[in-house]
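J.: Got a structure for you, questions after.
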Amino acid sequence: MVIATALVLPVTVASAASPGRGAERRHVFASAISATAGIEPRYAASITRTQGGIPHIVGANFGDVGYGYGYAFAQDNICTMAADYVTVEGRRSFYFGPAASYQQRANGVTVSNLDSDVFWAEVRDSGIVGRLTRQRPPLGLLPGVRAVMRGYVAGYDRYLRSVGGADGITDPACHGKPWVQPITIQDAYLRLYQLVLMASSDVLMPAIAEAAPPTLTSPISAAVNVRRTATLIAEGWKRAMAGMGSNGIAVGKAGTRDHTHGLLIGNPHFPWIGTERFYDAQITIPGRLNASGASLFGVPLVLVGHNKWVAWTHTVSTAFEFTPYELSIVAGEPTEYYYDGAVMKMRPRTVTVAERVDGKVTKVSHTLWWTRYGPMITSLEGVPLPWTAATGFTFRDANATNLRVYNHFLRTDEAHSARQVLHILDKYQGIPWVNTIVADRTGHALYADIGAIPNVSNQKAHRCDTALGDATYALLGLPILDGATSGCNWGNDPDAAVPGIFGPSHEPHLFRSDYVTNANDSYWLANPSHPLTGYARIIGTEGTARSLRTRIGLIMTQDRVSGIGEQKGFTLRAMQNLFFSDRPYAGVLWRSQLVSLCKTFHAAGVIPTTSGVTPVGDACGVLTDWDLREDPDSHGAILFRRFVDNLMSGSLSTVEGDTGVALYWQHPFDVSDPVHTPYGLDVADPEVAIALGNAINDLRQADLPLDVAPGKIQGVHRAGHFIPIPGGEGDPNGEFNAIYAPWIKGKGLGDVDDGSSFVQVVTWKTGDPYPVARTILSYSESSDPTDPYYDDQTTLFARKRWIRDSFSAAAIRRNAIVPVVHLAGS
């Protein structure tokens, strides 16, 4: 897209504080008045930054706020985002080489550049995104969404021009790189589509790109071992989705101290690296829209946040958004299959991508094969699903035709009540892979898993599942359906937004005046006083054990609502304290038995490990003295964490429930007490002692003392210094403030790369027209180490500090930390 030169005019306001390192570049705005200066600008926006570098963007219309958002966002994150636009353009092989790969951090899938390019070239050539954007609302994009996206592109490109292109970018990640280029509206829409597919087609990207029909010379594939294949798929899916997590609690007026207003905490657990980070901003169109909160990179709307009346967040759902189909292949014709007794031909889709190897550019063509359901695949979570002379696998994606989710977000940004948010959910059913949790000013709390979920009832799954599908359905709730009959097509509900998905009447939601919660288990226990039942297994489980993170969240919430051990009813401060309580529930349940077990080996001096024995040393004393927290100075927390990690490293046979709850229990799960069971550590199981021995070995091999505290090794390196990060593993340890860092054998913890990201606590006060909120973005606004907002919020997070939300115009003016930027351009 070619955009005319813009005019940038700085306006000075009082600065409350020095903006810090690198801020000088934020104050230099060269006049760039060209021959177009006398023409009325198409866009005009102001950007005021408050503590943490949070941009507050004001414009007269959606195009204007999109323009301001795109400019501010590019200032902070252009290198990270530019690399992703290369991805959705299908040009990674050209710029980065075909053999290299990248990880989709939100879903854990690693994709080669060539496979990625093949996938995205097909998306581009198919024209699907253009067709979706041209549809009439409600399925097509609302005019406001179109306008905000056009403005975003103009603002992003405006910033790139303002620094003189890639050569003017100070971030070393992309300074002077040829792949940093202006973007088009198609690029922006492709990014929106990429996010919608995150838990469906994006997961299957390698399987789609590498699918090829068997030939006469293809090796004969052995018959699929159903049980083993299903087990491996289940294990892989759980690992992939482990990076997609969150906590959300909405408290109604019966659960707050003032018994008048609602209160919400939103705590998404998402990657700290890459494009699935959050960006915190406020967008305001006076008299029309005023929403503050966070968005995933490239989306100029608030996805989790609040406005004057409503606060909302999302947590990753257990529902599947796709289903594989097993096809019966016609003998001697590997690209033909049977459907209701007739022969159907697959449709070849050939794409061409450019790749650069040793400086030489060549064009490579690749053919993908399409069925009535979708593309052929030859694996699922890396587990082979062979395309043979007799059978093959394809899949249908409920989000393949879904951009309407962005209509949902725009309308939610404007919503006035939790009840209105439910109506928006029902109308668009665009939410692709998350639950919705809402609190409002008048004290209502809403939980809902209403979105694009394949309409596969339990009855249909049992009737249509193949042998492999029976196994995956039992383990995961993922049906693999018989593709040879129309009777196994997805069902149609009269109240569904589009054919093939469940209507809202068959999807769970719950209003409460006390509270609702979700921590990535199913809908069943959004509130234990009102279990939700009777829904299809593809959405989630009922009557099964919950994860320890779900349980500790429910316990802490119910205790505060009931006044058990603390003053009754939530306040803003009480919810802030809940978030940073940093108490792993596994430690509460298991520490005493683990210490007793440890002491039985202490007399002998050694404890078993996987490979032999290791000295017990002072492990028993370390565990005894541990404060059962994961604060920076909690000596013993790392030893216990390594014990849990080693214990959980077994096979799928050692897990149950939605999120992999360990079976090493003295007392089993009791459906009549799902919040407090199972409990107790089964020390009679020899694997428990081995896990402790392995944990002791882990620390010794890394040359770490057994009482090493998290603050010594858990954190991130920023600008040459180490920032310790509080919290611990949400799953399986049961830590509400989930923080994940890879364990590197012989070295210890690597830098934190996942977990608590944008955290918001929002409520209201009688007599105050504006919400009262505290926020923190754990990894800070910017991915650019030369940016003043690269680590400022991370330093606050390390100290368990919060940012006071500036929402009203007066508060924004009062708390501005740098001069206001006024942008005008076309």
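The values are calculated or read from the model by the stated rules, or taken from the named source; none is laboratory data. Everything numeric here is computed off the predicted structure, so don't read it as measured data. Neighbour counts run over all protein chains shown; Cβ positions are idealised from the backbone, glycine included. The area values use the complete protein model at the heavy-atom level, side chains included, leaving out ligands, DNA and RNA. Shrake-Rupley method; radii C 1.70, N 1.55, O 1.52, S 1.80 Å.
J.: Restricting attention to segment 752-767, which residues are free of Cβ contacts under 8 Å to residues at least 60 places away in the same chain and either of a type outside the set (G, A, S) or under 15 Å from E276 (Cα atoms) (or both)?
T.: Answer for segment 752-767, where residues must be free of Cβ contacts under 8 Å to residues at least 60 places away in the same chain and either of a type outside the set (G, A, S) or under 15 Å from E276 (Cα atoms) (or both): there is none.
J.: With open to solvent by less than 20 Å² (accessible area, probe 1.4 Å), at pLDDT 95 or above and on the phi > 0 side of the Ramachandran plot as the only criterion, which of G728, G750, G746, G734 stands out?
T.: The unique qualifying residue is G734.
J.: In segment 713-725, which residue that is in contact with a strand residue (DSSP E or B) (Cβ under 9 Å, 6 or more places away or on another chain) and without any contact (Cβ under 8 Å) to a residue 40 or more places away in the chain is surrounded by the fewest Cβ atoms within 10 Å (Cβ to Cβ)?
T.: H717
J.: Could I ask something else about it? Are there any pairs with C-beta distances below 9 angstrom linking a residue in segment 481-494 that is under 19 Å from V330 (Cα atoms) to a residue that is of a type in the set (G, A, S) and open to solvent by 40 Å² or more (accessible area, probe 1.4 Å), with the two at least 6 apart or on different chains, and if so which?
T.: D482/S328; G483/S328; A484/S328; A484/G341; T485/G341
J.: Could you check segment 371-404 and list, in sequence order, the residues that are closer than 23 Å to Y337 by Cβ and open to solvent by 40 Å² or more (accessible area, probe 1.4 Å)?
T.: R372, P384, A389, A390, T391, R396, T401
J.: Next question. Evaluate the following for Y102: is it of a type outside the set (D, E, K, R), closer than 26 Å to S201 by Cβ, surrounded by fewer than 21 Cβ atoms within 10 Å (Cβ to Cβ) and over 23 Å from the mean Cα position of the chain (by Cα)?
T.: no
J.: Answer yes or no as to whether P479 is open to solvent by 40 Å² or more (accessible area, probe 1.4 Å) and part of a loop (DSSP other than H, G, I, E, B).
T.: no
J.: Considering only segment 778-826, state which residues are open to solvent by 40 Å² or more (accessible area, probe 1.4 Å), at pLDDT 95 or above, part of a loop (DSSP other than H, G, I, E, B) and not charged (D, E, K, R).
T.: Across segment 778-826, the qualifying residues are P785, T786.
J.: Okay, next question. Only one of G168, G151, G127 is under 30 Å from V820 (Cα atoms) and without any contact (Cβ under 8 Å) to a residue 60 or more places away in the chain. Can you tell me which?
T.: Answer to the selection: G168.
J.: Any idea which of (1) over 18 Å from the mean Cα position of the chain (by Cα); (2) more than 19 Å from H635 (Cα to Cα); (3) in a loop (DSSP other than H, G, I, E, B) is the one P732 doesn't satisfy?
T.: (1)
J.: Can you list the strands (runs of 3 or more DSSP E) found entirely within segment 239-313 that contain at least 2 residues being touching a residue at least 60 places away in the same chain (Cβ under 8 Å) and either surrounded by fewer than 24 Cβ atoms within 10 Å (Cβ to Cβ) or more than 16 Å from the chain's Cα centre (by Cα) (or both)?
T.: Ranges flagged: 245-251, 263-271, 278-285, 289-296.
J.: Restricting to segment 752-777, what's the tally of residues that are over 19 Å from the mean Cα position of the chain (by Cα) and assigned to a loop (DSSP other than H, G, I, E, B)?
T.: Qualifying residue count, segment 752-777: 8.
J.: D768 - would you say it is open to solvent by 10 Å² or more (accessible area, probe 1.4 Å), more than 22 Å from I47 (Cβ to Cβ) and in contact with a Pro (Cβ under 7 Å, 6 or more places away or on another chain)?
T.: It is false that D768 is open to solvent by 10 Å² or more (accessible area, probe 1.4 Å), more than 22 Å from I47 (Cβ to Cβ) and in contact with a Pro (Cβ under 7 Å, 6 or more places away or on another chain).
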